[in-house]
Amino acid sequence: MAGRLGSDVPHRRLNLLTGEWVLVSPHRSQRPWQGQIEGRPPDERPAYDPGCYLCPGNARAGGVRNPAYRETYVFDNDFPALRPDAGGEGEVVGGLLRAEPEAGICRVVCFSPRHDLSLPELERSAIRRVVEVWTEEYAALGSRDFINYVQIFENKGQMMGCSNPHPHGQIWAQRSIPVEPAKEGERQLAHYRAHGRTLLEDYLRVELEAGDRVVCENDGFVALVPFWAVWPFETLVVSRRRVASLLELSDAERDQLADILKRLTTRYDNLFKVSFPYSAGIHQAPTDGRPHPEWHFHMHFYPPLLRSATVRKFMVGYELLCNPQRDLTPEAGAARLREVSEVHYRTERAAAGAEGC
Ligand SMILES: [Zn+2]
Ligand SMILES: [Zn+2]
């Protein structure tokens, strides 16, 4: 942070996208950085696992057999959280307790047939294929009458409750606009009405001038630790151009999105030399049939790790009762992510092994 507050004074910062506050306590993280790698969980996996329900040719729990897919593979979730046929009337009990039916569709996106390669280890062309699938799914699901919002996301790693290590993401599309995008939509609309520019367009200008929270960038996108980040190494990937959704990205920008995702997730893996767990997802315009010039395409990464491959941040106590709090400043988090290489540690390890032979 540019002013005095960044160094060691407890302060709170406003999240521009949600209007909520985060408490920053930098004096609590002045213990020296050890960078130790404690009890690293093994991250060696086979390229194909006969017991994996997402690998090509294998049977899933519902009995369906996956095709021998060679790039990406998308299918309806066998255990969906939402169903297209959920209908009926809403109800209010005792004048207070309100419930409404919620219809939706849940899809699963296998990033590649390889069981062992997560996003940072895929070729840019393969990540670009994932971007294409996201775009196709957003268009197809969003065009359904009853789908007003499409959430594309990935839970990576056991720490994030991911049930299968095969690299994959999910898409939940639904009738209502969920809480987080609804909050962000309101804040973006208010800014757009007041200034005629998107909130993130103006925010990105401030961040590029400051520079100390930027992690990496290319011609289409900037990856940065947001000023109001809650998680130690939380990042936001923002398109330089004002685009409301994946549908407006140019051919070059799709390549650039694949590039920035590869570089950012490689930095994540290299930070603690571990396949870095996170929840990540795209926020973009609702598919409610209305124009959304206020919406600015972006992607959030929320990783739980704090100091090593096993020490994570918990949202407890004060955070459940008041608001999120962090010790490591967003500027310090960004500096750590800038320090590490964009060559994946497993690639380096393999190269070193080959030299040794
Ligand atoms: Zn698999
Ligand atoms: Zn967002």
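The values are calculated or read from the model by the stated rules, or taken from the named source; none is laboratory data. Since the structure is predicted, the reported quantities are computational estimates derived from the model, not experimental observations. Glycine gets a Cβ as well: all are built from the backbone with ideal geometry, and neighbour counts include every protein chain shown. Ligands, DNA and RNA are stripped out before the accessible areas are found, and what is left, the full protein with its side chains, is counted by its heavy atoms. Shrake-Rupley method; radii C 1.70, N 1.55, O 1.52, S 1.80 Å.
Points worth noting:
- Cross-link partners for Lys313 among the lysines, with Cα-Cα distance under 24 Å and sequence neighbours closer than 8 places in the same chain left out: Lys156, Lys273.
- The listed peptides 261-271, 328-338, 160-170, 62-72, ordered by packing as a protection proxy, come out as 261-271, 328-338, 160-170, 62-72 (highest mean of other Cβ atoms within 10 Å first).
- Based on C-alpha pairs under 8 angstrom that are at least 6 apart in sequence, segment 213-357 has a relative contact order of 32 percent.
- Measuring spread by the Cα atoms of segment 100-151 yields a radius of gyration and Dmax of 13.9, 44 Å.
- Among Trp172, Ala139, Tyr73 the positive-end extreme of the charge dipole of segment 58-190 (Cβ point charges): Tyr73
- Alpha carbon centroid spacing (whole Å) that separates segment 130-186 from segment 221-265: 16 Å
- Nitroxide proxy distance, nm - points 7 Å out along Cα→Cβ at Arg338 and Arg197: 2.3 nm
- Counted charge near Arg241, where neighbours are those whose Cβ lies closer than 11 Å (Asp, Glu -1; Lys, Arg +1): -2
- Summed residue charge, Cβ within 10 Å of Leu306's Cβ, Lys/Arg positive, Asp/Glu negative: +3
- Lys/Arg +1, Asp/Glu -1 at C-beta; the chain dipole; positive extreme among Val9, Met315, Val243: Val9
- Distance (nanometres) between label positions extended 7 Å along Cα→Cβ at Arg144 and Val311: 4.5 nm
- When its C-alpha radius of gyration is set against 2.2 N^0.38 Å (N residues), the chain gives a value of 1.02.
- With K and R counted +1 and D and E -1, the other residues having a Cβ less than 10 Å from that of Leu328 yield a net charge of +3.
- Residues Phe221, Phe146 ordered from highest to lowest accessible area at a 1.4 Å probe: Phe146, Phe221.
- The orientation-averaged shadow of the Cα convex hull for segment 99-240, equal to a quarter of the hull surface, comes to 11.2 nm².
- Estimated dipole of the chain in Debye, rounded to 20 [Cβ of Lys and Arg +1, of Asp and Glu -1, Cα centre]: 680 debye
- Dipole-positive endmost among Trp228, Ala252, Pro181 within segment 164-257 (Cβ charges, Cα centre): Pro181
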